[in-house]
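These notes are about the structure you will find just below.
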Amino acid sequence: MRMQKIECPVCWQDWLQWYRKKGTDLTFLLCPECDSVWLPGSEPGRDAARDLTDVVGNPPVGETEWDLIEPADVS
């Protein structure tokens, strides 16, 4: 079953995609353009958005939040 594309309600510049925090079961919807995040069970909307750093934490020196996540296969 194919998931419906959802345009980011914060920046309107990209589609939301499922990601996972490496080494955990934490999955979330992420806008790759503006790093806005929605946890499972929250309706993607401007007011419900969280920041990627708030969800995955601060990365080690020399890395970014993107080093802490990977695409998730949520079917």
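Would you check which residues across region 55-75 are assigned to a loop (DSSP other than H, G, I, E, B) and in contact with a helix residue (DSSP H, G or I) (Cβ under 7 Å, 6 or more places away or on another chain) and list them?
Pro59
Evaluate region 39-46: report whether one residue or more is within 12 Å of the chain's Cα centre (by Cα), within 14 Å of Val74 (Cβ to Cβ) and hydrophobic (A, V, I, L, M, F, W, C).
yes
Write out, first by first residue and then by second, each pair whose Cβ atoms fall under 9 Å of each other, whose residues are 6+ apart or on separate chains, and whose first residue, in region 16-37, is free of Cβ contacts under 8 Å to residues at least 24 places away in the same chain while the second is outside any loop (DSSP other than H, G, I, E, B) and among the hydroxyl-bearing types (Ser, Thr, Tyr).
Leu29/Tyr19; Leu29/Ser36; Pro32/Tyr19; Val37/Tyr19
Where a number appears in this text, it was derived from the coordinates with a stated rule and is not lab data. Bear in mind the structure is a predicted one, so any value in this text is a computation, not a measurement. A quick note on method: Cβ atoms are made from the backbone with ideal geometry, for glycine too, and the neighbour counts reach across all protein chains shown.
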